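Below you'll find the structure, written out as structure tokens, and then a few comments.
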Amino acid sequence: MPFPALQIGALKADTPIVQGGMGVGISLSGLASAVANEGGIGVIAGAMIGMTQKDVAQNPLEANLRALREEIQKAREQTSGLIGVNIMVALTTFAQMVRTAIENKIDFIFSGAGLPLDMPRHLREVCEEKKEEFKTKLVPIISSARAATVIAKKWLSRFDYLPDAFVLEGPKAGGHLGFKPEEIDNPAFSLEQLLPQVVDAVKPFEDKYGRAVPVIAAGGVYSGEDIYRCLSLGASGVQMGTRFVATHECDADDNFKQAFIHAKKEDVTIINSPVGMPGRAIHNDFIDQVRKGLTKPFKCIFHCVKTCNQENTPYCIARVLLNAMRGKLENGFAFCGANVFRVDSILSVHELIESLRQEFEEASRSLNKK
């Protein structure tokens, strides 16, 4: 069985893989365009994307919007494939970032870290203001069937808009997690348990409105066999982040990639992020310093995340993630998925996807014989 296509509305990805949006600056135009060129959906991370702009401290909003426009344009110059952007609901600039992405004709907006209850309004307003129809597909990132139902009902009642797809992100994902700490290792919240629940929750909307709403499985998806199992449970595609960090085209510094290569299972840890959510990262000296209370409070100049407790947090999450992206891990840390310890080499995006394709086909043949 070959890879099936991932169809979201009128847009078709021949490879059913969405490359997860990874910030700050881990997945920009370089990685996203490489994935798109292999038939998948490449995703630019919108979180504090303007951190490398010279005027970000003086004018963070314009710096972030400018950087977003530039990265979308760069990606378009490198691929004719499908490009998305990941924009967290928790960003203080969420509405402006969404509007900018739509105006720049992005194919998809993936949005989590909160419920994106107003996202269709921004699409409608841009269409009305520009007097043009925009084709951007809106894809919420969720962690439960209940969230899928709430978003679908809200969007339909307020905007007559059914989500174009959902990404279900399980607790083995990297970065910020949509689960309570005690749920992360609870088998009841595993991706394998949650996926059929979300597929079942979405089906009544598909039946009523006569169109497919694909569910994309994420969080701990590592191999082609994992992809096959997710599709067997009702997913239409998968989202993968960790595997794409260890590629030549990933936009992060090589030191960041090497942290993935050298990570051991016992290095994977859960942190309490300043944004008020647990997060999965590779343990290092910086995290030790935070846990010992050795880092010092700072004056926030970015105000990038609504939920960040700026007065009490021991560090700026945007700055330490930027440090990590630049390879300065002594002053930052690397977010990662639960399977990071399985990564042992850096490949090209083409090599990675071809290996996943082969594993998928082998799993298809093997499991169908049983």
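A few notes on this one:
- Filtered residues of region 102-122 (kept if surrounded by fewer than 24 Cβ atoms within 10 Å (Cβ to Cβ) and under 20 Å from the mean Cα position of the chain (by Cα)): I102, N104, K105, D107, G114, L115, L117, D118, P120
- Complete set of residues in region 52-83 that are surrounded by 24 or more Cβ atoms within 10 Å (Cβ to Cβ) and modelled with pLDDT under 95: N64
- When D226 is tested against (1) touching a residue at least 40 places away in the same chain (Cβ under 8 Å); (2) surrounded by fewer than 24 Cβ atoms within 10 Å (Cβ to Cβ); (3) of a type in the set (D, E, K, R), only condition (1) is not met.
- Enumeration of residues in region 34-49 that are surrounded by 24 or more Cβ atoms within 10 Å (Cβ to Cβ) and outside any loop (DSSP other than H, G, I, E, B): A34, V35, A36, I41, G42, V43, I44, A45, I49
- Across region 35-85, the number of residues qualifying as farther than 22 Å from F244 by Cα and among the acidic types (D, E) comes to 2.
- Of the listed requirements (1) of a type in the set (A, V, I, L, M, F, W, C); (2) assigned to a helix (DSSP H, G or I); (3) within 27 Å of G174 (Cβ to Cβ), V85 misses just one: (2).
- Taken as a whole, region 168-180 holds no residue that is under 22 Å from D226 (Cβ atoms), in contact (Cβ under 8 Å) with a residue 24 or more places away in the chain, assigned to a helix (DSSP H, G or I) and assigned by TED's automatic domain parsing to the domain that holds C230.
- Here G175 passes the criteria (1) over 25 Å from F3 (Cα atoms); (2) at pLDDT 95 or above except the one numbered (2).
- Filter result (over 20 Å from the mean Cα position of the chain (by Cα) and either surrounded by 17 or more Cβ atoms within 10 Å (Cβ to Cβ) or in a loop (DSSP other than H, G, I, E, B) (or both)) within region 182-201: D185, N186, A201
- Some residue of region 278-289 being surrounded by fewer than 23 Cβ atoms within 10 Å (Cβ to Cβ), within 21 Å of F179 (Cα to Cα), in contact with a His (Cβ under 8 Å, 6 or more places away or on another chain) and not polar (S, T, N, Q): yes
The values are calculated or read from the model by the stated rules, or taken from the named source; none is laboratory data. Values in this document were obtained by computation on a predicted structure and should not be read as measured data. Quick reminder, even Gly has a Cβ in these numbers, built from the backbone with ideal geometry, and neighbours come from all protein chains shown.
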